[in-house]
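Step one of this worksheet: look at the structure below.
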Amino acid sequence: MTIRLAIAIATTAFSTLASIVYMAGRVEPIPVVGGFLSAGPLIAVILWLQQDARRRGVGQVQDFGMLMMVFWPVAIPWYAFASRGPGGWKLLLGIIVLIGAAPLTLAILASLL
């Protein structure tokens with residue numbers, strides 16, 4: 001596990017827990033915090049993918065991070081299968097969990113409360 005992957009996991013965990021606290025307190029976060037809670041995991045995952053692509057030699061474009069940021073719904077599945085082959089579905093599933101954990105938790109809590 002690389003340091004950036006650990007940061008992506010920690011960012012997702014923090015965003016999920018902070019979202020739960022805000023939801024439980026029925027308080028809306030200020031826009032900067034709300035932006036981090038929603039976009040932070042995605043940005044952390046993209047930073048890790050950029051490091052992973054450099055290490056594996058996949059995606060040799062001028063600015064792989066910007067490509068991932070703009071076209072992430074298409075670029076992340078492409079990268080998962082381009083870098084891992086048929087086993088890329090495991091990476092793709094892990095990335096989807098990291099990116100979607102906080103919004104999915106909020107949606108579940110909103111339906112329960």
Give just the number: which of (1) in contact (Cβ under 8 Å) with a residue 12 or more places away in the chain; (2) buried (at least 16 other Cβ atoms within 10 Å of the Cβ) does Leu109 not satisfy?
(2)
Criterion: modelled with pLDDT of 75 or more, at positive phi and surrounded by fewer than 16 Cβ atoms within 10 Å (Cβ to Cβ) - qualifying residue of Gly94, Gly57:
Gly57
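When residues of the stretch 81-110 are filtered for being of a type in the set (Ser, Thr, Tyr) and over 17 Å from Trp48 (Cα atoms), how many remain?
Restricting attention to the stretch 81-110, the residues satisfying the condition of being of a type in the set (Ser, Thr, Tyr) are 83, 105.
Among the residues that remain, those that are also over 17 Å from Trp48 (Cα atoms) are: 105.
Total satisfying the criteria: 1.
Residue by residue, here is whether (1) more than 24 Å from Ile108 (Cβ to Cβ); (2) in a helix (DSSP H, G or I); (3) among the hydroxyl-bearing types (Ser, Thr, Tyr) holds:
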residue: Ile7; (1), (2), (3): yes, yes, no
residue: Tyr22; (1), (2), (3): no, yes, yes
residue: Leu42; (1), (2), (3): no, yes, no
residue: Trp48; (1), (2), (3): yes, yes, no
residue: Arg54; (1), (2), (3): yes, yes, no
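The values are calculated or read from the model by the stated rules, or taken from the named source; none is laboratory data. Please read these numbers as outputs of a predicted model, since none were measured by experiment. FYI the Cβ positions are ideal-geometry reconstructions off the backbone, even for glycines, and counts take in every protein chain you see.
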